[in-house]
Amino acid sequence: MLRSLVVFGLQVLAVSAKTVTYNWEVDWVSVSPDGYVRSAVGINGQWPCPSLLADVGDRVIVNVKNSLVNETTSIHFHGIFQHGSNQMDGPAMVTQCPIPPGETFTYDFTLQQTGTYWYHAHVGGQYMDGFRGPLVIHDPKAPFSYDEEVVLTLSDWYHIQAPYLIQYFQSPLNENLHGGSEPVPNATLINEAQNVHIPIEPNKAYLFRIINMSGFAAQYFQFDQHEMSVVEIDGVYTHAHQVNQIFLTAAQRYSVIVKSKPNNNQNYAVIASMNDDMFDPGVTPDDIDQSVNAWLVYDNTKPLPPPLQPIDDDVTQQSEDDMVFVPLDNQKPLGPVTMQIPLQVNFSANAQNQNRGSFNNISYNAPQVPTLYTALSAPADLVNNPLIYGANTNPIVLKMGEVVDLLITNYDGGAHPFHLHAHQFQVIARSSWGPDNGPPLEIPTDYLAQEPAAPMRRDTLLIYGNGYAVIRFKVNDPGITLFHCHIEWHVEAGLTLVFIEAPTELQKMKLVLPQSHKDACQKQGISITGNAMGRQGSEENWLDLSGTAMLPAMDDWGALVQPPANNNPNVLAPRSLGRFGRRGI
Ligand code: C2O
C-alpha cells in the first residue's frame with residue numbers, strides 16, 4: 001500500500017499536475033440527430049455532451065447540478081481506477097445515492113492513467129437518453145507520435161426515452177410476445193450525428209480515438225482506403241497492429257493512427273454499422289438506420305464519394321477477435337492465482353415472468369443503502385461478511401492482494417460485453433466466436449497451463465454466445481467494484497454483481513464523503529449507514545436482512561401493459577416511474 005502511494009506521488013510530480021474543473025448543469029435539450037425530434041439529457045444546454053479532457057496526474061473536479069426536474073442522475077467515469085476515491089465512481093446505490101432533482105453533487109478525483117475513456121450516467125438506463133461523452137487523458141510520454149488528434153464516438157439511438165423502454169422490456173407482456181427481447185435502436189450515430197465531415201490534411205498522422213458509447217449495439221467501423229494502426233485499447237497501449245476494420249462492443253475504445261494520403265485529390269467515405277445479432281426482427285423498427293456515414297474531407301470543394309456498403313457481420317467477422325492485441329508492456333500473467341470464481345451467465349423468465357439476467361442464478365436488485373456506505377459503516381468484524389451487503393446485490397468479498405480468476409461461462413446464446421469497474425483485467429482465455437446455439441462450451445480444465453505470455457488487457461470484454469472467458473485481476477483497489485454486462489438493457493435486467501474489494505483496508509483509508517453526497521441521500525430519505533436494508537446497531541441487527549427483495553418491484557419495473565407499436569411513443573402514456581423516475585444503477 002505504502003509503496004504504491006509513493007510511486008504514485010512521484011508520477012504526479014513528474015507531470016506537474018493541475019486541477020481541471022467542470023461545472024455541469026444537466027438538463028433536457030431538444031435534439032434531432034437523425035431527423036426525429038426528441039428530448040435528450042444534455043449539459044449546460046448543449047448536446048452532444050462535451051468531452052472531458054485532462055492530462056495524466058490532473059485532479060478533476062466535476063460539479064454537477066441536476067436540473068432534469070423529473071429524474072435523478074449520476075455520473076460514472078468509465079475505466080477510471082479511482083484508487084483511494086471509490087466514493088467518486090458514480091453508480092447509483094453502489095457508491096453514492098442518485099442525485100435528486102435540484103441538487104448539486106461533486107466528483108473529485110486524480111487521474112492515474114492515460115488513454116481513451118468516457119463518462120456516462122449510471123442510473124436507470126439514462127445514458128441511452130444522451131448523457132454520455134468522451135473522457136481523454138493525455139500522456140506527455142505517449143509511446144507513439146501523431147500530428148492531430150480526433151475523437152470519434154459511435155452510439156446507438158432510440159426515439160423513445162429509456163424508462164419507457166425499460167418498463168416494456170422488463171414486462172411479462174414482452175416476455176410473452178417476444179421472448180423478452182431487447183428494444184432495438186432506431187439509428188446509429190457518429191459523434192451523435194449523421195453525415196459528419198471530418199476535415200483531413202494530406203501527409204499527416206492522425207490519432208483517432210474511437211469510443212462506442214452505445215447502450216446496446218456493438219459496432220463495426222471502417223475508413224475507405226485508409227488502414228488503421230491500433231495503438232491503444234481501453235486505455236492499454238498495445239503493440240501497433242494494422243487493421244482495416246474494427247469492431248467495438250458497447251463501452252469499448254480503440255485508438256488508431258491513420259496516415260493521411262499525400263494529396264487532396266479526393267474525399268473518402270467512413271462508415272459505422274451496428275451488429276444486429278441481438279436485434280429481434282419482430283421488434284426492429286422498419287426504418288432503422290443500421291449504418292451511419294461520415295466523410296474524411298480533404299477538400300470541401302470536391303464532391304463526396306458514394307457511401308460505403310453497410311458492414312454485414314454475416315460476411316465478415318474478422319475484426320471481432322481482439323485477442324490479437326498484445327499490451328505494449330508485455331505484462332506477464334499475474335500470479336499465482338489465489339482465488340477462482342466461477343460465474344454462470346444466464347437469462348430466463350423469473351417468477352413474475354420478466355426476462356432477467358443473472359450470475360449464478362442471482363439477478364441484481366439495488367439495496368436500500370449504497371453498498372459503499374454499508375462497507376464504510378459496518379463494524380470491523382462484519383465488514384468481510386457478504387451477508388450484510390444483501391443477497392440481491394450478488395456480493396463477493398475479496399481480500400487485499402488476492403489474484404482472482406473469474407471463470408465465466410455464458411449459458412446465453414447472445415454475446416455479452418462484460419465490464420469490470422476500476423481495473424484493466426488480463427484475458428487469460430476466451431472461446432472463439434462460434435455457433436451460438438449451444439451447448440455451452442466448458443473452460444478447459446488445464447487453462448492455467450495454457451496462459452498467454454502477455455495476455456490481452458482491457459476493461460470491457462465480449463464473451464461470445466455459449467462461450468467462456470477467464471479474466472484475471474489483482475485486488476489492489478479497496479472499494480466497491482461493479483461487474484456487469486455493458487448492454488444497458490442487461491444492467492436493467494439484473495446482469496450485475498458487486499465485488500467488495502479489501503473492505504478492511506477500505507475502512508482504514510478513511511474516505512471522506514463530501515457533504516453533497518450525504519445531502520443527496522438525506523433528501524431522498526436514504527440512510528448512509530447500515531446494512532443493505534439500513535439496519536445497524538447490534539450485531540444481530542447488522543445480520544438481519546429480512547425483507548430483502550430478490551425480485552424487482554413491478555410498480556416501477558416491467559409494469560407497462562402496452563407494447564410500443566412501431567416504436568411509436570404516442571402509444572405510451574406518461575406515468576410515474578418510481579422515485580423521481582430513476583432507481584439504482
Ligand atoms: Cu461504463 Cu458500470 O459502466
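With no solvent and one equal point scatterer per Cα, compute the Debye intensity ratio I(q)/I(0) for segment 339-549 at 0.17 Å⁻¹ and report its log10, rounded to two decimals.
For segment 339-549 at q = 0.17 Å⁻¹, log10 I(q)/I(0) is -1.20.
Calculate what fraction, in whole %, of the accessible area of segment 339-549 sits on carbon and sulfur atoms when a 1.4 Å probe is rolled over the protein chains.
C and S atoms contribute 51 percent here.
For the chain, report the translational diffusion coefficient in µm²/s to the nearest whole number, using Stokes-Einstein at 25 °C, 0.890 mPa s, and a Kirkwood Rh over Cα pairs.
Stokes-Einstein gives a translational diffusion coefficient of 101 µm²/s.
At Leu177 and Gln522, where each label point lies 7 Å from the Cα along Cα→Cβ, what is the point-to-point distance in nanometres?
4.6
If you count only protein heavy atoms with a 1.4 Å probe, what accessible area per residue comes out for the chain, rounded to a whole Å²?
36
In straight Cα distance, which lysines are under 24 Å from Lys302, not counting same-chain residues fewer than 8 positions off?
By straight Cα distance, Lys302 reaches Lys204, Lys259, Lys261.
Give me the distance between the Cα centres of segment 83-108 and segment 367-432, rounded to whole Å.
19
Roll a 1.4 angstrom probe over the protein heavy atoms and tell me the percent of accessible area of segment 50-108 that is carbon or sulfur.
54
Can you give the % of DSSP beta bridges in the chain that are antiparallel, to the nearest 5?
The antiparallel proportion sits near 70 percent.
Run the 1.4 Å probe and let me know the accessible area of Asp329, rounded to the nearest 10 Å².
Answer for Asp329: close to 90 Å² accessible.
Measure up Lys399/Lys474; Lys332/Lys508; Lys65/Lys523 against 21 Å on the Cα-Cα distance and list the ones that go over.
Lys332/Lys508
Could you give the dipole magnitude of the chain about its Cα centre, charging the beta-carbon of Lys and Arg +1 and that of Asp and Glu -1, in debye to the nearest 20?
I would put it at about 1460 debye.
Rank these residues by their accessible area, most exposed first, probe 1.4 Å: Lys302, Lys18, Lys204.
Final ranking, largest accessible area leading: Lys18, Lys302, Lys204.
Arranged from highest to lowest average of other beta-carbon atoms within 10 Å per residue, in what order do the peptides 241-252, 541-552 appear?
Per-residue mean Cβ counts within 10 Å order the peptides as 241-252, 541-552.
Among Thr504, Val184, Phe208, whose Cα projects farthest towards the positive end of the dipole of the chain, with charges put on the beta-carbon of Lys, Arg (+1) and Asp, Glu (-1)?
Thr504
Bins of 5 Å, beginning at zero and ending with the bin holding the largest distance: percent of Cα pairs per bin for segment 103-261, please.
It works out to 2, 8, 15, 18, 17, 14, 10, 7, 5, 2, 1, 0, in whole percents.
The values are calculated or read from the model by the stated rules, or taken from the named source; none is laboratory data. For clarity, every value in this text was computed on a predicted model and none was experimentally measured. Backbone-built Cβ (ideal geometry, glycine too); neighbour counts: all protein chains shown. The accessibility values were calculated without ligands, DNA or RNA, using every heavy atom of the protein model including side chains. Shrake-Rupley method; radii C 1.70, N 1.55, O 1.52, S 1.80 Å.
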